[in-house]
Amino acid sequence: VEAARAVAARFAAWPSPWIALGVGSSEPWKQWGAARFAELTLALNRRGAGSVFIIGGPAERLLADQIFAQVSSGRGRAADAVALPLEQTAALLAVCRYYVGNDTGVLNMAAALQIPVIGLFGGSPPLTHSRFIRAVTPPAGERGMAAIAVVHVLEMLARLDRVYEENRNLT
């Protein structure tokens, strides 16, 4: 409860829905990269998709700062949620509409919180242990994280938006 209050107070000015981008990776070959995360952030900003949160641990500070610089130079915005205490990261994820990120522990945390997850799997096999994880992989015949284009993620987000709207209309 305390972590949820801290998150709500810290990010109160950011309009919903909230989309978390998990930029960390345990290995370089699992990293989508600053340029693609910045491009995705700018595309989401242009769509008026709410607020984008950059999430990562202390080790991702340099990468996150690169993303923030690219987003800012593109006249976009993203909230800095890097190096939050673990409880606050979980509280933030719990109120996000979606999570997009590399194959990491935070991706698994988002799925455990039952947040729709778009996992970027160009450097590792897609995870299949949760119904909340949707894998985006390189197109047929291509390999590696660089083969996953921003448009592939945006297409998956559009599909999730349709499902979200259909489910909302049922209630």
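Here are some notes:
- Output for the range 76-106, where each listed residue is under 27 Å from residue 126 (Cβ atoms) and of a type in the set (S, T, N, Q): 89, 102, 104
- The residue that is modelled with the lowest pLDDT, among those in the range 12-48 that are surrounded by fewer than 19 Cβ atoms within 10 Å (Cβ to Cβ), among the hydrophobic types (A, V, I, L, M, F, W, C) and in contact with a helix residue (DSSP H, G or I) (Cβ under 8 Å, 6 or more places away or on another chain), is 29.
This table checks each residue for (1) open to solvent by 80 Å² or more (accessible area, probe 1.4 Å); (2) hydrophobic (A, V, I, L, M, F, W, C); (3) not in a helix (DSSP H, G or I).
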site	(1), (2), (3)
107	no, yes, no
129	yes, no, yes
135	no, yes, yes
138	no, no, yes
160	no, yes, no
166	yes, no, no
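- Single match in 129, 152 (criterion: more than 29 Å from residue 3 (Cβ to Cβ), without any contact (Cβ under 8 Å) to a residue 40 or more places away in the chain and not aliphatic (A, V, I, L, M)): 152
- Only residues that are at pLDDT 95 or above and open to solvent by 30 Å² or more (accessible area, probe 1.4 Å) were counted in the range 1-11, giving 7.
- Qualifying residue in the range 117-126 (condition: touching a Pro at 6+ places or on another chain (Cβ under 7 Å) and free of Cβ contacts under 8 Å to residues at least 60 places away in the same chain): yes
- Residue pairs whose Cβ atoms lie under 9 Å apart, separated by 6 or more positions or on different chains, with the first residue in the range 12-27 and on the phi > 0 side of the Ramachandran plot and the second open to solvent by 30 Å² or more (accessible area, probe 1.4 Å) and outside any loop (DSSP other than H, G, I, E, B), do not occur.
- Residue ID - most open to solvent (accessible area, probe 1.4 Å), chosen from residues in the range 109-123 that are at pLDDT 95 or above and among the small types (Gly, Ala, Ser): 112
- Qualifying residue in the range 84-97 (condition: more than 22 Å from residue 1 (Cβ to Cβ) and either more than 13 Å from the chain's Cα centre (by Cα) or open to solvent by less than 20 Å² (accessible area, probe 1.4 Å) (or both)): no
The values are calculated or read from the model by the stated rules, or taken from the named source; none is laboratory data. In this text the structure is predicted, and so the values were computed from the model without any measurement. Virtual Cβ from ideal backbone geometry, glycine too; neighbours counted across all protein chains shown. The protein model used for the area step is the full one, side chains on, heavy atoms only, and it has no ligands, DNA or RNA in it. Shrake-Rupley method; radii C 1.70, N 1.55, O 1.52, S 1.80 Å.
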